[in-house]
Amino acid sequence: MINVDQSERLKSLPPYLFIRLDKMKAEAKARGVDVIDLGIGDPDQPTHTHIIEAMKRALDDPANHRYPSTAGLEAFQEAAAGYMARRFKVDINPRTVVSLIGSKEGIAHFPLAYLNIGDAALVPSPAYPVYKIGTLFAGGKSYTMGLEAERNFLPDLDAIPQAVAQSAKIMFLNYPNNPTSAVADKDFFERAVAFARRHEILILHDAAYAEIAFDGFEPPSILETPGAFDCALELHSLSKTFNMTGWRIGFAVGCPPAVASLARVKSNIDSGVFQAVQMAAVQALEKGEADIKQIRGLYQARRDVLAEGLASLGLEFKKPRASFYIWARVPSGYSSEEFVATLLEQAGIMSSPGVGYGPEGEGYFRLALIVDINRMSEAVARMRKIKL
Ligand SMILES: *Cc1c(COP(=O)(O)O)cnc(C)c1O
């Protein structure tokens, strides 16, 4: 093996905590522990049959075997625009919709369109790690917006120093939020849009959990906010909404030049989404309303079992109104990593340490609602037996 020095950008990546956790999980399994995995945010349920059937039909059409366009099939663009109109009353010109190979791909590529070396992006913490890493890969600097329980895990825009606000070019937001399960209301989006317009900042709103909500709550789109089309793009994903994480499909909509710039980056890097996958997505977006209802009901029932159990154990958390996570305080005396290790060692339960989502996540751990109710009850029963 020749000795080639990795790029500074790769060397500067934070160590990936989850590799160590995966190793711990593998070791526990090897010891024969029946691990209840509430660690990763990946739905356990299969994609619904009518969506799979749509893909099967599309596979037989040779037109779908060729390179797709970057933006996506017209049928896909229209399905995405139709969904935005029905669900959020947001009017999108279908020709401005851009398909994504999952929203992660769009998040990671977007900073390349707007950040020069050293430019700042406003990045929440704790957060999905890709905002920070996409910024870093583009040569940008992240300015951390800490999310705190006292503010319902919404960033304090007034606390951003004037100089930072003036120089920042991008702000990342994500509601319903991973990992905190917090939600944003229209009032917050109005303040964010006003801030972005005042300081000429583009907002990338990651709406991956827009459909995972409970008790009748319908998370809003930032694009419902007056003025949002001047400064915000929103990334939607079929991954969590339709149990389609493996299929790799999402879309970007909103501020037309910002979405077009993302498409320009992508046209130079990837070659779009396999058209048969796009046709499956058309089916999901146009005919998937019942699926969404079913999926919401499933997670809501699991949430209720886990929330009741955790509360009876005296753990401190807010019952989620959306997302499929419970974000709870670790009991005193533990770091988040120590507590996650303890849960695995003593109860065979895999969870995620808050610190894995940034230093501001220390003191918390995250449980994903990705096992059935019986396993959920079993997890609570096992936790009851360990001394917290
Ligand atoms: C799961 C997740 C995504 C990624 O979704 P894909 O569309 O599968 O790439 C994006 N953002 C957040 C916050 C997520 O949790």
Report task. Scan segment 229-249 for residues that are within 14 Å of THR96 (Cβ to Cβ), more than 15 Å from the ligand (Cβ to nearest atom) and buried (at least 24 other Cβ atoms within 10 Å of the Cβ) and jot them down. Result -> ALA232
**Report entry** Scope segment 216-228; condition touching a strand residue (DSSP E or B) at 6+ places or on another chain (Cβ under 9 Å), within 21 Å of GLY106 (Cβ to Cβ) and more than 14 Å from the ligand (Cβ to nearest atom); matching residues
**Finding:** SER221, ILE222, LEU223, THR225, ALA228
Report task. Please tell me if ALA196 is more than 16 Å from the ligand (Cβ to nearest atom), open to solvent by 10 Å² or more (accessible area, probe 1.4 Å) and of a type in the set (A, V, I, L, M). Result -> no
Query raised in the report: Yes or no: ILE160 β-branched (Val, Ile, Thr), open to solvent by less than 50 Å² (accessible area, probe 1.4 Å) and either within 16 Å of the ligand (Cβ to nearest atom) or in contact (Cβ under 8 Å) with a residue 40 or more places away in the chain (or both)?
Result: no
Report task. Output the residues belonging to segment 250-276 that are more than 26 Å from THR225 (Cβ to Cβ), aliphatic (A, V, I, L, M) and either touching a Ser or Thr at 6+ places or on another chain (Cβ under 9 Å) or within 11 Å of the ligand (Cβ to nearest atom) (or both). Result -> VAL273
Requested in this report: Mind telling me which of the residues PRO94, PRO15, PRO68 ends up being open to solvent by less than 40 Å² (accessible area, probe 1.4 Å) and free of Cβ contacts under 8 Å to residues at least 24 places away in the same chain?
Outcome: PRO94
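Can you tell me which of ALA213, ALA184, ALA207 is buried (at least 24 other Cβ atoms within 10 Å of the Cβ) and within 16 Å of the ligand (Cβ to nearest atom)?
ALA207
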Report summary line: The correct count of residues that are open to solvent by less than 20 Å² (accessible area, probe 1.4 Å), of a type in the set (Gly, Ala, Ser) and assigned to a loop (DSSP other than H, G, I, E, B) in segment 71-91 is 1
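The values are calculated or read from the model by the stated rules, or taken from the named source; none is laboratory data. Fair warning: this is a prediction, and the values are worked out from it, not measured in the lab. Don't worry about glycine lacking a Cβ; one is built from the backbone with ideal geometry, like all the others, and counts go over all protein chains shown. Ligands, DNA and RNA are excluded from the accessible area calculation, which covers all protein heavy atoms including side chains. Shrake-Rupley method; radii C 1.70, N 1.55, O 1.52, S 1.80 Å.
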